[in-house]
Amino acid sequence: MSLFGKERICGVIAAATLEAMRQQLREAAKLTGTVELRLDWLAPGKPGDRDKRGQLGPLLGEWRGLCIGTARRTGAGGRLAGSVSDQLRALGAAARRCQWCDVETESFDPFDVSTVRLAIGKRRLLVSLHDFERTPPDLPALVRRLERRGGDAIKIAVHCHSIADSLRVLELCRGRRNVIAVPMGEAGLPARVLALRHGSALAYASVREKTAPGQVTLEEMKLRYRADQLDRRSRVYGLVGHPVSQSLGPVLHNAGFIARGLNDVYLPFLTRKLPDFLSAIEPLEIAGFSVTLPFKQAILKHLHDCDPLAEAIGAVNTVVVRGRGRLYGYNTDYVGVLRALQKRVRLRGSRVLLYGAGGAARAVAFALAQEGAVVGICARREQQARTLARAVGGEVVSRRRLRAEFFDAIVNATPVGMHPHADASPLEAGELNCRLVFDLIYRPVKTKLLRIAEQCGLETVGGIEMFLAQGMAQFEIWTGLRAPDKQMRTAVLKALGEEK
């Protein structure tokens, strides 16, 4: 059993008032039995702070689980502006109600461990180190340094700028039961979720207020990613690209795994350089992944084999990892396009303008051409537009011609207008000379382009239908099971509704 008991996901309680902390404790109790109480958040710098920290009895009166008390100073990313002596007094108050006290290693410098032990009494000591700027080069040396402090467990929380950084942090858990590994930052998020699977004694998640970069909510950690249930038999899947934070892929696929009773997980891998992710496939035991911007074409040269259709399209959005790390590519965007459009437009003989010529655009162009549509390509990169038009037997349409041309449908295959830049539109009202406008973007559900089209009296199609169709096709390729349409659709629409 872990040093911290059965409940290995720790909910972080951070609020400026005791009442707000009490409310967060009640929320946390629904999902975990382990919490960290951030005493430094209690209205720092105001009169009466110390009194508040001494009133933990009523606050924790209803709590029956494990509690870690910490009063982190500003130099270690906290909000306590006082001295180390002030910190130890705050921890002394916490020690009467908490089973553990977390003290950052910097606070030991003026004192030895006996002074810290005297302040916290018989409570167990967690010695921590936080680096919000980088992943230090010699992490094993840091572990040895923390262990020399004489605590009962150690925590290392460092900012990861790459997936490779996060792998080095996870490696600290190997063969140790007293180490908590916390990879911070968006690039470290997958490793943060997988930390328990790799042996970390705890994983942290915010109940409400995020206290570290890349921190996910307790609800996400427990219910979406099921971090405490993952084991070595769990298959790991993910989304590879930049950006990935806006994607609802984790909502879609994790809902599917849960509905089908699979103890698998789908994670967002922020990837600025493709080799950074590819080198993580073996150590993280990744079984498959989705590919988004800007890697749908770049991934091709790393594949061992490719579905003929995806090869013809020249873009891959789905990869299966088979024996000995061999990569096999597919394209399910094709399926998504057809399901989104076929019910609304008779594609054979229709004239469709595709705005954009990247990886997503290639799948759309091939799908339209295969169904007999006459495809026009308009893109900022003229050479790319010519290459795609040639591949599908279409034509290049210059931007200046759009006001004089008419199309049955116009499809936006660029990221312009995607969250968080929802106030942008790739095309203007005078350029929408068509019957229908289809935007591949699904977040926001109604982009500025679609709003403009509606004002012009045009029929519109959002990217959500394509997103659902291509994602369900991915699920079936990876698992060999039929995708649970209802549960996956409901989860995504619920998430979008809450976001709206």
Computed about the Cα centre, the charge dipole of the stretch 9-230 from +1 Lys/Arg and -1 Asp/Glu charges at the Cβ has a magnitude in debye, to the nearest 20, of 620 debye
For the chain the mean separation of alpha carbon contacts under 8 Å (6+ apart) over residue count, i.e. relative contact order in percent, is 9 percent
The answer for the per residue Cα convex hull volume of the stretch 245-360, in Å³, is 145 Å³
Do you know the relative contact order of the stretch 341-462, to the nearest whole percent, from alpha carbon pairs under 8 angstrom that are 6+ apart?
-> 21 percent
Pop the C-beta distance of Arg403 and Arg380 into the FRET formula with R0 = 22 Å and round what comes out to the nearest 0.05.
-> 0.80
Compute the Kirkwood hydrodynamic radius of the stretch 341-462, taking the inverse of the mean of 1/r over all pairs of distinct Cα atoms, and give it in Å to one decimal.
-> 14.1 Å
Hey, rough spin-label estimate for Lys273 and Glu147, points 7 angstrom out along Cα→Cβ, what's it come to in nanometres?
-> 3.2 nm
Set the Förster distance to 41 Å, then compute FRET efficiency between His419 and Glu311 from the Cβ-Cβ distance, nearest 0.05.
-> 0.85
Bounding extents of the stretch 94-249 in its principal axis frame from Cα atoms, largest first in Å, are 49, 34, 30
Stretch Glu106-Cys456 to full length: gain in nm at 0.36 nm per residue minus the Cα-Cα span?
-> 119.8 nm
Relative contact order as a percentage, the stretch 9-230, C-alpha pairs under 8 Å and 6+ apart, gives 18 percent
The cysteines in the chain that find no other cysteine Cβ closer than 4.7 Å to their own Cβ are Cys10, Cys101, Cys160, Cys173, Cys306, Cys378, Cys434, Cys456
About the Cα centre of the chain, how large is the charge dipole given +1 on each Lys and Arg Cβ and -1 on each Asp and Glu Cβ? Please answer in debye to the nearest 20.
-> 640 debye
Before rounding to the nearest 500, sum -39500 (n - 2.57) across all DSSP H runs of length at least 4 in the chain and divide by the residue total; then give [θ] at 222 nm in deg cm²/dmol.
-> -9000 deg cm²/dmol
Separation of the stretch 270-297 and the stretch 172-246 by C-alpha centroid, Å?
-> 17 Å
Dipole check, the chain, charges on Cβ (K,R +1; D,E -1), about Cα centroid: among Phe406, Ile281, Leu218 the Cα furthest to the positive pole belongs to Leu218
Sorted by average packing, counted as other Cβ atoms within 10 angstrom per residue and highest first, what order do 237-243, 134-140 take?
-> 237-243, 134-140
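We did not get these values from a lab; they are worked out from the coordinates using the rules stated. From a predicted model like this one, the values you see are computed outputs, not experimental measurements. Cβ sites come from the backbone with ideal geometry, for glycine too, and all protein chains shown count toward neighbours.
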